[in-house]
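To keep things clear, I will list the structure first and then write my remarks on it.
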Amino acid sequence: MKNNLLYLLFFLVAYHTNAQETISGTLNHDGLTRNYRLYLPSAFQEGANDLPLVFNLHGLGSSALEQEFYTGMKDVAEANNFIVCHPDGIDNSWNVGFDPNSNIDDVGFIDALIDEIYQQYGFNWKKVYSTGMSNGGYMSYKLACELTDHITAIASVTGSIVPPEINSCNPSRAVPTMQIHGTSDSVVPYDGSNFAMAQEDLVAWWVNHNGCTSGEVVTDVVDMDMTDNCTAERYEYSSCNDDVKVEFYKITGGGHTWPGVAIDIPDLGPTNRDFNASETIWEFFNQFELTGTWVSSENINEAIQWNISPNPFSDYLVLDIRAMSITYIEVFNALGQRVLERFNDQDSNIVLDTQNWNKGTYILQANTEKGILTQKIIKQ
């Protein structure tokens with residue numbers, strides 16, 4: 001849950017990046033400005049809508065930037081042609097039930113962020129996945145429970161579910177899940193605690209929910225590194241509903257760490273190096289895709305029946321709202337800076353003065369009764 005920030009910052013300085021392919025974005029949700037980092041691989045083509053999307057969520061006390069570099073998921077995305085998003089939680093945490101009084105809507109934020117990325121860049125909506133470290137693993141399970149129609153599969157590394165939260169977990173379908181956990185994890189104990197389901201109970205819950213009937217198949221992971229002070233076993237459960245799977249990597253002697261990374265974090269225990277968790281998670285994710293109909297901003301757009309004109313625009317922009325459901329409007333420039341904020345008192349026509357805006361691309365975001373709508377607009 002805690003990261004040694006100084007140690008990680010040293011690692012970040014030494015790590016080579018290609019900033020041109022990483023976008024730092026913001027999204028206003030529920031009255032809060034939320035931050036995220038988005039990596040578009042070389043294979044990305046705007047509007048193609050063919051690449052998968054993976055969310056990689058940081059642990060408690062960590063950040064999107066630290067998670068990005070610690071796990072190396074960006075390298076896996078480049079090698080395998082998928083988009084990866086690293087969002088920031090409020091106060092470096094995700095609301096997963098640790099604080100019963102918290103009102104931070106992180107599920108709604110991720111849902112809105114999916115919509116935002118789809119509108120701005122496009123992706124394959126059938127292949128949207130979430131993984132995370134520790135608190136980010138907890139959050140991935142929360143998405144599996146509450147955002148089942150948008151999240152195809154999840155994987156948790158050193159995470160769990162807060163025991164009372166499992167009572168309200170009711171996914172509408174079978175969800176492919178992967179759990180990776182060390183038996184010597186001193187932060188999220190393998191055998192459970194007041195804030196963590198025991199690992200084997202957690203896996204058993206998902207095996208039961210997914211209707212897996214084949215029984216477990218146990219395979220020893222080849223001990224490639226005999227100096228890492230731990231070994232790994234892979235438990236696979238198949239013959240599940242909708243052809244999903246449940247996989248569990250039990251790391252005997254492993255700590256509160258991400259297998260396969262090149263860095264050891266002091267005080268968090270051994271890091272297994274017999275397999276690379278980021279690569280393994282992607283191989284698991286890539287087996288599965290959603291079926292059915294996905295409700296995106298395009299569907300919302302049809303439902304609220306609005307028209308934005310002219311687009312491209314010059315000195316003004318008119319929003320003609322034929323169904324009065326827009327309550328709040330924001331406009332962001334290409335750098336993610338907000339250039340306009342306006343509450344709507346149910347006017348059916350809204351005129352925006354854009355004379356002082358610079359030429360370029362903007363994102364108009366509208367809060368509606370049916371969800372958040374984003375629209376790309378261009379000043380010429």
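Where a number appears in this text, it was derived from the coordinates with a stated rule and is not lab data. Here the structure is a predicted model, which is why all the values come from computation and not from measurement. All Cβ positions, even for glycine, are placed from backbone atoms using ideal geometry, and neighbour counts span all protein chains on display.
Tabulated results
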quantity	calculated
The chain: most fluctuating residue of GLY136, GLY47, GLY31 per GNM, C-alpha cutoff 10 Å	GLY31
Long-range amide H partners of GLY159 with built H, under 5 Å	SER134, ILE180
Estimated FRET transfer efficiency (ASP75, ASN101; beta-carbon r; R0 41 Å; 0.05)	0.55
Percentage relative contact order, segment 5-285, counting C-alpha pairs under 8 Å, at least six apart	15
Length-normalised contact order for segment 61-208 - Cα pairs under 8 Å, 6+ apart - percent	17
Helical mean residue ellipticity (222 nm; -39500 (n - 2.57) per DSSP H run of 4+; nearest 500) of the chain	-6500 deg cm²/dmol
SER193-GLU289 FRET efficiency (beta carbon distance; Förster radius 35 Å; 0.05 resolution)	0.50
Extreme residue, positive dipole direction of the chain, given options VAL221, PHE55, PHE275 (C-beta unit charges)	PHE55
Using θ = phi - 60° and Karplus 6.51 cos²θ - 1.76 cosθ + 1.60, couplings along segment 35-50 (whole Hz; Gly, Pro as x)	10, 7, 10, 10, 9, 9, x, 4, 6, 5, 10, 4, x, 6, 6, 10
Those trypsin sites (Lys or Arg not before Pro) in segment 123-169 that DSSP places in a loop and that have at most 14 other beta carbons within 10 Å	LYS126
Net length gained if the chain between GLN355 and SER42 were fully extended (0.36 nm per residue, minus Cα distance)	109.1 nm
ILE378/ASN170 FRET efficiency (R0 56 Å; Cβ-Cβ; nearest 0.05)	0.85
Cα gyration tensor shape for segment 185-268, rounded if a/c is under 1.5, else prolate or oblate	oblate
Span-rule helices in the chain, defined as complete DSSP H runs reaching 18 Å or more along the axis (Cα) with Kyte mean at least -1.0	106-120
Those Cys residues of the chain for which no other cysteine Cβ falls under 4.7 Å	CYS85, CYS230
